[in-house]
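S.K.: Attaching a single structure in structure tokens format; questions to follow.
What follows draws every value from the coordinates through simple rules; no lab data is involved. Treat the numbers as computed from the prediction; the structure is a model and nothing was measured. FYI the Cβ positions are ideal-geometry reconstructions off the backbone, even for glycines, and counts take in every protein chain you see.
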Amino acid sequence: MRWQGGRRGGGIDDRRGMGGGVIGGGLGVGVLALLGYFIFGIDPQITTQLAGALGTGQGQGEIGSPGDEAGGFVDVIATNTTDVWSSLISGYEPPRVVLYEGGTGTACGFGQAQMGPFYCPLDRQVYLDLSFWRTMQDQLGAGGDFAQAYVIAHEVGHHVQTLTGASDRVRQMQAQARSEGEANQWSVALELQADCYAGVWAANAARVSGGQVALEAGDIEEGLNAASQIGDDTLSGGRASPETFTHGTSAQRVEWLRRGYQSGDPNSCDTFAAMGGGGAGQPSKGV
């Protein structure tokens, strides 16, 4: 994947090197937040945000410095997703991307590396422990820079769903679901749409960057392989029942990533239509 010449926005919150989210005399961010609340009446989210601000830039120095190629990669890809979605959605407001090691405080609770990359809608931030890249390559057989970019774009896709209202719509439908299996189907639709949005990003990356960020030969296959390796059926070794799936099968994830890439249009990503949910928060193209 071509990315080294891409624009860098510099809006990365770098919490690496904070000892797994441990600060202030060995107390974790979550513990400090609770102490601040019960003793001083401070909103836990304020404590978490302050801890994050104190950790910014403490681990690796400047993002994208010669010794921090991984951080530079995240910066370029995140900035490019912002440029793509800004061209597709009028008034788009990007998420902040947080790099951490081991664990960190979030508005959604204490985040840990074992959870993999995730998006928190309460603070509208994407959280990423870069050790996941090794997990993808060594344990999932899904290495490569475009596979990594797909993961980032998928999480940004969840941010788009927060902005469009799709995430809220899914929570409402899950609350009304008659069974756990039905509730899980809505979760699957949400995850598959995020896959589709990742494909939409990939299709538009070169357009908004003047070719500085672009797919090269074999990249889309690399991404499709990554999507295949993280399907619910593949991860469970075929042992889990479809009613328990929350992210979709390998075939579904491949299909929707490919659909987004081939169309380049977020309006092609209505994964809810098949469930009778219709436009559960489809974005309209900006002007």
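S.K.: Skipping prolines and chain starts, which residues have an amide H placed within reach, meaning under 5 Å, of the one on Gly248, given they are 5 or more residues away or on another chain?
M.R.: Asp232
S.K.: Contour minus end-to-end for Glu221 and Asn267, with contour as 0.36 nm per residue of separation and end-to-end as the Cα-Cα distance?
M.R.: 14.2 nm
S.K.: If contacts are Cα pairs under 8 angstrom and at least 6 residues apart, what is the relative contact order of the range 101-187 in percent?
M.R.: Answer for the range 101-187 is 19 percent.
S.K.: Mind listing which trypsin sites (Lys or Arg not before Pro) in the range 165-210 are in a DSSP loop and have 14 or fewer other Cβ atoms within 10 Å?
M.R.: Arg178
S.K.: Report the local net charge at Asp232: Lys and Arg +1, Asp and Glu -1, summed over other residues whose C-beta lies under 15 Å from its C-beta.
M.R.: -4
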